[in-house]
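Peer 1: Submitted below is the structure of interest, expressed as structure tokens.
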């Protein structure tokens with residue numbers, strides 16, 4: 001029992017002061033590197049016309065890293081308070097459990113994507129690890145979300161008689177722009193415009209659901 005109590009606040013402090021700030025700083029650039037590399041390893045195909053990595057994937061991964069840092073800081077504070085006041089200390093077990101919550105978020109972030117290919121549109125929403133697809137020949141309606149003030153297109157929605165799939169859209173994404181224009185030209189769908197208030201992540205927000 002004595003040995004278990006040796007993991008005290010003073011022992012934890014160097015690790016917390018090193019790992020905590022490092023996780024927070026890394027959360028602003030590591031998600032981009034990790035998600036691009038892992039998604040390319042897992043999902044890359046020459047058959048893809050366009051592969052879309054939504055902003056929510058990066059935000060989720062970075063948020064999970066910050067959550068780990070918060071848990072470390074909290075562990076140190078709670079453990080220090082417990083030692084000062086001689087409380088019964090379950091902080092290590094509780095915080096270890098809280099930290100494990102970050103790992104499903106890492107996985108969900110990596111599995112959050114969409115792509116267009118010759119067959120149709122495939123989407124893997126944030127809360128899923130499996131794809132949903134619609135074949136081009138099954139599409140019955142196409143709509144796009146347009147910002148009211150800027151007239152910027154933020155997303156396209158392809159609908160069949162049983163489901164709808166939304167993909168984020170940005171004009172600076174050349175491959176996605178070319179892929180969307182290609183299918184619109186080939187199938188000659190009538191595109192319905194839906195206006196929304198200006199927001200940098202309007203299309204991405206629809207894509208999470």
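The values are calculated or read from the model by the stated rules, or taken from the named source; none is laboratory data. Because the structure is predicted, anything quoted here is derived from the model rather than measured. Quick reminder, even Gly has a Cβ in these numbers, built from the backbone with ideal geometry, and neighbours come from all protein chains shown.
Peer 1: Given the structure, is residue 22 at pLDDT 95 or above, over 19 Å from residue 115 (Cα atoms) and part of a helix (DSSP H, G or I)?
Peer 2: Judged against the criteria, residue 22 is a match.
Peer 1: Checking the structure you have, find out if any residue of segment 17-31 is under 23 Å from residue 122 (Cα atoms) and surrounded by fewer than 16 Cβ atoms within 10 Å (Cβ to Cβ).
Peer 2: So far as segment 17-31 goes, no, none of its residues is under 23 Å from residue 122 (Cα atoms) and surrounded by fewer than 16 Cβ atoms within 10 Å (Cβ to Cβ).
Peer 1: Right, residue 61: crowded, with 16+ Cβ neighbours inside 10 Å, touching a residue at least 40 places away in the same chain (Cβ under 8 Å) and in contact with a strand residue (DSSP E or B) (Cβ under 7 Å, 6 or more places away or on another chain) or not?
Peer 2: The answer is no for residue 61.
Peer 1: Continuing with the same structure: Identify the single condition in (1) on the phi < 0 side of the Ramachandran plot; (2) surrounded by fewer than 14 Cβ atoms within 10 Å (Cβ to Cβ); (3) at pLDDT below 95 that residue 151 does not satisfy, given that it satisfies every other one.
Peer 2: (1)
Peer 1: Which one of these is more than 21 Å from residue 125 (Cβ to Cβ) and either out of contact with any helix residue (DSSP H, G or I) (no Cβ under 8 Å at 6 or more places or on another chain) or in contact (Cβ under 8 Å) with a residue 60 or more places away in the chain (or both): 77, 38?
Peer 2: One residue alone meets the criteria, 77.
Peer 1: State which residue is nearest to residue 196 (Cα to Cα) when the search covers only segment 161-175 and only residues that are touching a helix residue (DSSP H, G or I) at 6+ places or on another chain (Cβ under 9 Å) and surrounded by fewer than 16 Cβ atoms within 10 Å (Cβ to Cβ).
Peer 2: 171
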